[in-house]
1. Only one of these conditions is not met by Ser77: (1) farther than 18 Å from Asp43 by Cβ; (2) polar (S, T, N, Q); (3) touching a strand residue (DSSP E or B) at 6+ places or on another chain (Cβ under 7 Å). Which number is it?
2. Residues of the stretch 49-99 being under 18 Å from Leu36 (Cα atoms) and among the β-branched types (Val, Ile, Thr), which ones?
3. Here is a list of conditions, (1) surrounded by 11 or more Cβ atoms within 10 Å (Cβ to Cβ); (2) at pLDDT below 85, and Leu110 meets all of them except one; can you say which number that is?
Amino acid sequence: MTDSTPHWYDDEAGPMVRLYAMTAGRARPSSAAFELMALVQADRGPDGTDPPVLSPEQHAILALCGDRPRPVAEIASDSGLPLGVARVLLSDLLAAELIRVNPPVPPAQLPDAHILKEVIDGLRAL
């Protein structure tokens, strides 16, 4: 490569890893459990340590989910990974039984806003 050849990235970007290299070429997760608002919680198995075969991105995801359940969208955002890549990595962690996934509450099961307003008004009246 000569000095006159343009770079498609700058020198400060550091080493570039293609997204398909992080996911072993997979574009879709192996589980349909990862809706945007599904809550993910780290579940570190019986000895409490991570297996050594995890990628740095998977270690980062486990660290993000370790203190409290987090939505899939927040995990993708905070890890700096595209949503599709985060879902594939999460499905690998689910298959390894290192995380638990709780689906979001369907809107039909949420309390009605009118009932909540009446409860608040009743509490204020006390």
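The values are calculated or read from the model by the stated rules, or taken from the named source; none is laboratory data. All of these numbers come straight from a predicted model, not from anything done at the bench. Ideal geometry is used to build each Cβ from the backbone, glycine not excepted, and the neighbour counts take in all protein chains shown.
1. Going through the list (1) farther than 18 Å from Asp43 by Cβ; (2) polar (S, T, N, Q); (3) touching a strand residue (DSSP E or B) at 6+ places or on another chain (Cβ under 7 Å), Ser77 breaks only (3).
2. Correct list: Ile61, Val72, Ile75, Val85, Val88, Ile99.
3. (1)
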